[in-house]
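The values are calculated or read from the model by the stated rules, or taken from the named source; none is laboratory data. None of the values given here were measured: they were computed from a predicted structure. When we count neighbours, we look across all protein chains shown, and the Cβ atoms used for this are built from the backbone with ideal geometry, even at glycine. Quick note on the areas: whole protein, heavy atoms, side chains included, nothing else; ligands and nucleic acids left out. Shrake-Rupley method; radii C 1.70, N 1.55, O 1.52, S 1.80 Å.
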Amino acid sequence: MNKRIVILISGRGSNMQAIVERCAQEGWAADVVAVISNKPEASGLAWAAQQGIATAALNHKAFANREAFDAELAQEIDRHAPDVVVLAGFMRILTPSFVQHYQGRLLNIHPSLLPAFPGLHTHRKAIEAGCRVAGATVHFVTADLDHGPIVSQVVVPVSTTDDEDSLAARILVGEHRIYPQAVRWCVEGRLRIEGCRVHQLDGEAQCLML
Ligand code: NHR
Ligand code: GAR
């Protein structure tokens, strides 16, 4: 039986697209069974629908509070009986009870070298801090925002002429390399979480330098 992946997005969904494509190309024993957005206008939803993937939009603005939104979101996700849930540019902070429900099978990619620069506007923060390298981090999601166990990281140089957009574009290339790989490890049961550390059981590199 193939493993079942549900992906949550808020926008463009280029990471979602990279995961769907690598899953098909590499013949994972898995399927992306649904893509769900908190923003009805997210362009990634149309792409997913074109691929024949089930889509849903759940507008967070229609809910009284985070608990109510997350309860409905979990119900929508669980209709698809996922083995792994993937945040791919999903922009809503999730409640502790939601995170608990998917513990050990909820992944995120954050566009910084965590634990540096959690939260929003990470590219700007890296440039303002004078960083010479930047990157992205795949981590298991915990209640503590952007602080879950780290699965893999990609490192890219920061050039003196970079602005937020040029740096984001360079990091995004790296995201599309490491995120599908990390999702594959997770669905294939090739990861073991031990406290803060995540071990790749085949000894594959959990760091990529571009
Ligand atoms: N939820 C938990 N509990 N833990 C994490 O590690 C999470 C999470 C939800 C999303 C992605 C994250 C990122 O990679 C993520 C990790 C949104 C915000 C945010 O402040 C922060 C971090 C992340 C995603 N969101 C605002 C909010 O009030 C809304 C911002 C907007 O709509 O543009 O939820 O960086
Ligand atoms: C990506 O760079 C992702 O790392 C980032 O948003 C972009 C989404 O692009 N995520 C966050 O900032 C989470 N707070 P995509 O929709 O094309 O995958």
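The sole residue among Ala134, Ala205 that is out of contact with any His (no Cβ under 8 Å at 6 or more places or on another chain) and either in contact (Cβ under 8 Å) with a residue 60 or more places away in the chain or not polar (S, T, N, Q) (or both) is Ala205. Remark: Ser37 matches the filter, which requires a residue to be of a type in the set (Gly, Ala, Ser), touching a residue at least 12 places away in the same chain (Cβ under 8 Å) and within 15 Å of ligand 2 (Cβ to nearest atom). Can you confirm whether Ala74 is over 15 Å from Val187 (Cα atoms), in contact with a Phe, Trp or Tyr (Cβ under 8 Å, 6 or more places away or on another chain) and in contact (Cβ under 8 Å) with a residue 60 or more places away in the chain? No; evaluated as a whole, the condition is false for this residue.
Condition check for Ile171 on (1) open to solvent by 10 Å² or more (accessible area, probe 1.4 Å); (2) out of contact with any Leu (no Cβ under 7 Å at 6 or more places or on another chain): one failure, at (1). Out of the residues in the stretch 102-129 meeting the condition of being open to solvent by 60 Å² or more (accessible area, probe 1.4 Å) and under 17 Å from the mean Cα position of the chain (by Cα), tell me which one is nearest to ligand 1 (Cβ to nearest atom). This residue is Leu120.
Go through the stretch 1-58 and report how many residues are more than 16 Å from Asn108 (Cα to Cα) and either open to solvent by 60 Å² or more (accessible area, probe 1.4 Å) or away from ligand 1 (no atom under 16 Å from the Cβ) (or both). Step through it out loud before you land on a result.
First, pick out the residues of the stretch 1-58 that are more than 16 Å from Asn108 (Cα to Cα): 1-4, 21-31, 33-34, 39-58.
Narrowing the set further to residues that are either open to solvent by 60 Å² or more (accessible area, probe 1.4 Å) or away from ligand 1 (no atom under 16 Å from the Cβ) (or both) leaves 1-4, 21-31, 33-34, 39-41, 43, 45-56.
So the answer is 33.
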